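The values are calculated or read from the model by the stated rules, or taken from the named source; none is laboratory data. Since the structure is predicted, the reported quantities are computational estimates derived from the model, not experimental observations. Don't worry about glycine lacking a Cβ; one is built from the backbone with ideal geometry, like all the others, and counts go over all protein chains shown.
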Amino acid sequence: MVQEVTKEMSQEAEQYHTVVQQKEMIVRKMKERGCRITKQRMILLDVILGSECSCCKEIYFKASSLDPKIGTATVYRMINTLEELGAISRKNMYRICSFSDCDKIKIHRQ
């Protein structure tokens, strides 16, 4: 029982660490492209990293519950930015790509 709980806690810690790394990497890439890192963009990034959203409307509803000032246009622009960075793919239901996937996409686009 204790081993199961410890293993589960270890997996959760690993997932959290991965999410933090992904977020840092995306923010760094956005800054390199000259994008401003706004509160709304950070909220959208948290929503996308924190759940598997199947569409922009779902992202919008989750994000607008956190900040009512977020509009649908903001969501679509952020999704387009993340796609251009190679950090997100519509094929995988708006989940952030793994580091290796992002690198592969970037290489193919160059």
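Within the range 59-100, restricting attention to residues that are farther than 22 Å from G34 by Cα, within 14 Å of the chain's Cα centre (by Cα) and charged (D, E, K, R), which residue is modelled with the lowest pLDDT? Filtering first and then ranking leaves R95. Taking the criterion of being among the charged types (D, E, K, R) and either touching a Gly at 6+ places or on another chain (Cβ under 6 Å) or modelled with pLDDT under 80 (or both), the residues of the range 1-51 that qualify are E4, K7, E8, E12, E14. Selection within the range 19-39: residues that are free of Cβ contacts under 8 Å to residues at least 24 places away in the same chain and among the basic types (K, R). The member of this set that is farthest from L85 (Cα to Cα) is R36. Residues that are surrounded by 11 or more Cβ atoms within 10 Å (Cβ to Cβ), part of a helix (DSSP H, G or I), modelled with pLDDT under 70 and not charged (D, E, K, R): does the range 101-110 have at least one? So far as the range 101-110 goes, yes, one or more of its residues are surrounded by 11 or more Cβ atoms within 10 Å (Cβ to Cβ), part of a helix (DSSP H, G or I), modelled with pLDDT under 70 and not charged (D, E, K, R). Just name the residue that is surrounded by the fewest Cβ atoms within 10 Å (Cβ to Cβ) out of those in the range 40-81 that are without any contact (Cβ under 8 Å) to a residue 12 or more places away in the chain and either touching a Phe, Trp or Tyr at 6+ places or on another chain (Cβ under 6 Å) or hydroxyl-bearing (S, T, Y) (or both). Filtering the range 40-81 for residues that are without any contact (Cβ under 8 Å) to a residue 12 or more places away in the chain and either touching a Phe, Trp or Tyr at 6+ places or on another chain (Cβ under 6 Å) or hydroxyl-bearing (S, T, Y) (or both), the one surrounded by the fewest Cβ atoms within 10 Å (Cβ to Cβ) comes out as S65.
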